[in-house]
Amino acid sequence: MIQFVDIHHRFGSNVLFDGFQWHIKPGTRTALVGPNGSGKTTLFQIASGKAKPDSGTVSRSKGTIISLFQQIPDFDPEQSVLATSLEENKLYKSYSNRIHEIHKLMDTTDPSSDAFEKLLHDQSEIEDFANEHDLHNLEVRAKKILTGLGFTVESMEKPVKSFSPGYQHRLGLAIALLNKHNLLLLDEPTNHLDDSAKEWLAEYLINQNAAFVLVTHDPDFLNKTTNSITEINSKGVFEFQGSLEEFFEAKNEIHDRLSKQFAKEESYLKSRLDWVERFRAKATKARAAQSVLKRLEKREKLERPEDSFWNQKPEYVFKYEEASKIAFRVIDGAYSYPGKSETIFSNASMEFNNGEKVALVGPNGAGKSTFLRCVAKIHPFSCGETMYGPRTKLGYFSQTHTEDLDPEKNLLQSVIASFPFLSEMEARSLLGHFAFSNDSVFKQVKSLSGGEQSRLRLAMLVYRPTNCLLLDEPTNHLDIVVRDALRRALIDYKGAVLVISHDPEFLSGLCDKTFQLSGGSLHDLNCSFEDYLKYHKEEENSDISKLTSSQNKEDTVQTKSAKNQIKNKIKTLEKEIPSIEKKIELLEKNKKDKEDLLADPNFYKNRSYQSELDSYNEIKNEIASLTARWENVHLELETFKEQVNS
């Protein structure tokens, strides 16, 4: 499918690839793993043609079609979700632009002219292109994928700007799945996904036929969807068939074997050199000693095996400043977006004491990030009372990199801008503790991977004196080693921690209290996060389908009148299906008659040939349109029936 041959690439003095080799073959279903900054995202960009290596060859076999999902998608904020998913589809965009161009020219062209006849021919060709790639059914497929990723049918018509970054991430993922491909490159697809969306995506990947390479720091998702692990390094990859746990075991076994070989070689060399030193001064042994020394110099040197990255345990210690008993108190807090009457949440109350570790849970779009931003004083609550302890010092970690970082600054400048009292040496020392060493501190923020940006923000948060941390999806983009180090640091942290995360493994054993924000209300569940998973998680999952993502809240219990309205819609749609099927049946018969007529070589010279061809194309278009409507009706029926039964 695609082969990387002798790839060399660097950022400044930071070498990412140095003679890199890899062959991605048909049927590949692998997880690409490696430390943050090892070049996974860059490799995807090179594979898809979005970036060029400094040197080397990228060879794509004939017929290879790549679809890439990137960590940070960018869309027109005014366009609707559904329109964006269609317009971002390469084939649909090509078809849409051409058909609109043809129709525009037809409006100003004489129907009896040769130019008009040429336009009819062009229209027929572009419609054949649309039929070949099933573009008339693209909207139906888009709705199925968007529904699987958590969008409701109603919310698909909302503008992109009305959605949280998490839902915009889902939209980007839907577009990548919708684009035609036989090789899918997915860079952190599970970030921002709740359990139901993650489960849907896993089933989608398992059941589809395309090859895929996946970058994820979610071990459960990785093991469920892939059959191999591919570890990246500057020279190439280490490919391993099996689960992530089996990969770690294999790496440790290899490391142990190499370590024993190295120790054995070192022992042998030492004994021989000792012998040489003992006898080289003796006349009778001098020649023998010299001969042994020459053989040792020619002997192939073994290098000490480096400690496996996966076994490293970096230690982070948050700077803690003594605090009063209460970190903060919110009484009847509410929030509405400026200029809008809809309330995201209301009557939200929380008393947060020093030393407490609290998980804030709830469906995506329920307003968790908004609540955290209000507590962090980024947005004021629309109403209610907020009180902070006299010695409370907040530390806030946003799920959006651009809020905290200047993309034009380098790492060293970023740290010194936040802590002007630090010398360059002290700033370098801080960055070095987070695996930014040597010239890598001069890399611009905009050139960093998502994981490296998270690590930089984490370094600055760790160094800032705090006693109350507000963390919004802190593990997104972090590799497993850094994620585990962060979790250990938070367990040891003396201050209060309020954290939003879709990573159950990260929260388990960390959070002793759980608050749930759902349906516009905040509830103290009076339990640890582990007990939440046991007793409350299933209840929350049943509420997800009742939430409208754009407005970030919806009543969890539908009124009787609302359900009756949905039932009426179901009846209308059920009546429409046989009507559509009859129309399609009649049109298929007419289409067959037209095909028989147009297939006659003598009829080609007939004056009415063009009008019959136009009629044939109109019938094809109408069949495609009705088929799309038929599938859409079934999709709407399925959605409405789920709402009635929920």
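The values are calculated or read from the model by the stated rules, or taken from the named source; none is laboratory data. Bear in mind the structure is a predicted one, so any value in this text is a computation, not a measurement. Here the Cβ positions follow ideal geometry from the backbone for every residue, glycine too, while neighbour counts run over all protein chains shown. All accessible areas refer to the heavy atoms of the entire protein, side chains included, with ligands and DNA or RNA removed. Shrake-Rupley method; radii C 1.70, N 1.55, O 1.52, S 1.80 Å.
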FRET efficiency, residue 508 to residue 128 (Cβ-Cβ, R0 56 Å, nearest 0.05): 0.50
Cα Rg, Dmax, the stretch 189-234, angstrom units: 11.1, 36
Cα→Cβ-extended label distance, 7 Å offset, between residue 568 and residue 239, nm: 6.0
Förster radius 45 Å - calculated FRET efficiency between residue 58 and residue 491, Cβ distance, rounded to 0.05: 0.55
Compactness of the stretch 1-91 - radius of gyration and Dmax, Cα, Å: 15.5, 44
Computed over the stretch 94-247: relative contact order in percent, which uses C-alpha pairs under 8 Å that are six or more apart: 14
Principal-axis tilt of helix 165-178 within the chain, Cα atoms, nearest 10 degrees: 70
Pairwise Cα inverse-distance average, inverted: Kirkwood Rh of the stretch 11-169 (Å): 19.7
Rough spin-label spacing in nm, given labels placed 7 Å along Cα→Cβ, for residue 8 and residue 74: 3.0
Separation in nanometres of the label points that stand 7 Å from Cα toward Cβ, at residue 634 and residue 290: 8.9
Convex hull projection area averaged over all views, the stretch 83-174, Cα basis, nm²: 6.9
Relative contact order, percent, the chain [alpha-carbon distance under 8 Å, six or more residues apart]: 15
In range of the label at residue 154: residues from the stretch 52-95 whose backbone nitrogen is under 14 Å from the point 7 Å along Cα→Cβ: none
Hypothetical label at residue 590: residues of the stretch 127-163 whose amide nitrogen lies under 17 Å (7 Å Cα-Cβ projection): none
Carbon and sulfur %, accessible surface of the stretch 211-300 computed with the full protein complex present, 1.4 Å: 50
In the stretch 393-425, the chymotrypsin sites (Phe, Trp or Tyr not before Pro) that fall in loop regions by DSSP, at most 14 other Cβ within 10 Å: 421
Extension gain from residue 199 to residue 321, taking 0.36 nm per residue of separation minus the Cα-Cα distance: 39.8 nm
Angle in degrees between helix 424-433 and the longest Cα principal axis of the chain, rounded to the nearest 10: 70
The chain - share of DSSP beta bridges that are antiparallel (%, nearest 5): 50
Residue 396 long-range amide H proximity, modeled H, under 5 Å: 470
In degrees, nearest ten, helix 560-599 long axis to first principal axis of the chain (Cα): 70
For the stretch 366-376, 3J(HN,Hα) per residue [Karplus equation, 6.51 cos²θ - 1.76 cosθ + 1.60, θ = phi - 60°, Hz, x = Gly/Pro]: 7, x, 4, 4, 4, 4, 4, 5, 5, 5, 6
Cβ-based net charge around residue 265, under 12 Å, with every Lys or Arg adding one and every Asp or Glu removing one: +4
Length added when fully stretched, residue 437-residue 23, from 0.36 nm per residue minus Cα-Cα: 146.0 nm
Cα convex hull volume per residue for the chain (Å³): 227
Surface per residue (accessible, 1.4 Å probe) for the chain, Å²: 50
Translational diffusion coefficient (Stokes-Einstein; Kirkwood radius from C-alpha pairs) of the stretch 308-450 at 25 °C, 0.890 mPa s, in µm²/s: 134
Proportion of all alpha-carbon pairs of the stretch 124-199 beyond 17 Å (%): 51
Mean Cβ neighbour count within 10 Å, used as a protection proxy, ranking 585-591, 494-500 highest first: 494-500, 585-591
